[in-house]
Amino acid sequence: MLENINPISFLNKKKFTVLFSGGKDSTAALLWTLEHIRHGNWNVLYIEIPGNTHPLCTKYVVELCDGFDIASKLIVARNKKYDFYECLRRWGVPIIGKYRWCMYNFKIKVIKRYAYGVQVTGVKKSDSHMRRKREKVEFFKLTKTIAVNPLANWSTKQVLNYLKEHNVKVNPCYKKYGHSGNCMFCPYHNKTQIVRTLQDPEWRGKILGSLKSGKGKISREKYEKWLKYSKQKTLTISR
């Protein structure tokens, strides 16, 4: 059974890809890889979401990989066929259990093209109710690949302490927006993240404008929610 496999022993015998979003969890997963894997037959895949990824996030990823001396392993990729906000207006808000077009078109297709069949992620069981059953090594149905989740049993505090112990700074978007900036609009951002994001006039216009003209009931509901939060003062972010 995959769940009984030791991630370190497994990866040290495999060619694999680290999925790196620029978020603190995937940063910790990349650092973990550098600490524990003794071969160089792996790469790093960073996926930009056209129109929805903040340039600061991309800059952070590129500079961090350069600082780790793995710039040659980094692949910066995107699905150029689509613009996120055009899709948001055309298809409505992507929701888990319905039509989550953002995951399929902007991530799954890119992963299938550029990543190896074994992939390291920063997924944690504590992330959400849906991830509670995730294992350190498992078969991932969406991409039909093997996912290695070395941080599966970690808490957010453990992740931050791990980065601090190794003098690795988190993505600067966290301080400004409360999230990594890989997806500036996400239907699952919390209140603090929404308020912070909409303080930026550029993203406020993009997001609210697209939600207002977006297809479907969920788009209208999200528009009303984000519009309401946009009128609130900036909230303090706990890190």
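The values are calculated or read from the model by the stated rules, or taken from the named source; none is laboratory data. All figures in this text were calculated on a predicted structure; none of them were measured in a lab. Counting neighbours? That spans all protein chains shown, and the Cβs are built from the backbone with ideal geometry, glycine included.
Of the conditions (1) modelled with pLDDT of 95 or more; (2) closer than 17 Å to S26 by Cβ; (3) basic (K, R), R239 satisfies every one except a single condition; which number is it?
Result: R239 passes all but (1).
How do the helices (runs of 4 or more DSSP H) wholly within segment 17-93 filter down when requiring 2 or more residues that are over 16 Å from P172 (Cα atoms), in contact with a His (Cβ under 7 Å, 6 or more places away or on another chain) and among the small types (G, A, S): which remain?
none
Can you tell me which residues in segment 1-16 are under 18 Å from K73 (Cα atoms) and either touching a residue at least 60 places away in the same chain (Cβ under 8 Å) or in a helix (DSSP H, G or I) (or both)?
L11, K14, K15, F16
Take the residues in segment 127-152 that are of a type in the set (G, A, S) and surrounded by 17 or more Cβ atoms within 10 Å (Cβ to Cβ), then tell me which one is nearest to D25 (Cα to Cα).
That would be A152.
Just to be sure I understand the filter: pairs with C-beta atoms under 7 Å, separated by 6 or more residues or on different chains, first member in segment 111-122 and within 14 Å of D25 (Cα to Cα) and aliphatic (A, V, I, L, M), second member assigned to a loop (DSSP other than H, G, I, E, B) and at pLDDT 95 or above. Which pairs pass?
Here the result reads V120/P150, each pair linking segment 111-122 to a residue that is assigned to a loop (DSSP other than H, G, I, E, B) and at pLDDT 95 or above.
In segment 139-162, which residue that is outside any loop (DSSP other than H, G, I, E, B) and over 17 Å from the mean Cα position of the chain (by Cα) is nearest to V110 (Cα to Cα)?
Ranking the candidates gives T145 first.
Inspect all residues belonging to segment 200-223 and state whether any of them is part of a loop (DSSP other than H, G, I, E, B), free of Cβ contacts under 8 Å to residues at least 60 places away in the same chain and under 18 Å from the mean Cα position of the chain (by Cα).
No, that holds for no residue.
Exactly one condition in (1) surrounded by 18 or more Cβ atoms within 10 Å (Cβ to Cβ); (2) touching a helix residue (DSSP H, G or I) at 6+ places or on another chain (Cβ under 8 Å) is not met by G23; state its number.
(2)
Let me spell it out: the conditions are (1) under 16 Å from the mean Cα position of the chain (by Cα); (2) in a helix (DSSP H, G or I), and C186 meets all of them except one. Which number is the exception?
(2)
Can you tell me which residues in segment 33-44 are among the hydrophobic types (A, V, I, L, M, F, W, C), surrounded by fewer than 22 Cβ atoms within 10 Å (Cβ to Cβ) and under 27 Å from K157 (Cα atoms)?
Within segment 33-44, L34, I37 meet the criteria.
Restricting attention to segment 108-129, report how many residues are in contact with a helix residue (DSSP H, G or I) (Cβ under 6 Å, 6 or more places away or on another chain) and part of a helix (DSSP H, G or I).
Qualifying residue count, segment 108-129: 1.
When only residues in segment 92-108 that are surrounded by fewer than 17 Cβ atoms within 10 Å (Cβ to Cβ) and not aliphatic (A, V, I, L, M) count, which is farthest from K81 (Cα to Cα)?
Among them, the one singled out is G97.
Among the residues of segment 155-197, which ones are free of Cβ contacts under 8 Å to residues at least 12 places away in the same chain and either in contact with a strand residue (DSSP E or B) (Cβ under 6 Å, 6 or more places away or on another chain) or at positive phi (or both)?
If the condition is that a residue be free of Cβ contacts under 8 Å to residues at least 12 places away in the same chain and either in contact with a strand residue (DSSP E or B) (Cβ under 6 Å, 6 or more places away or on another chain) or at positive phi (or both), then N167 is the only one that fits.
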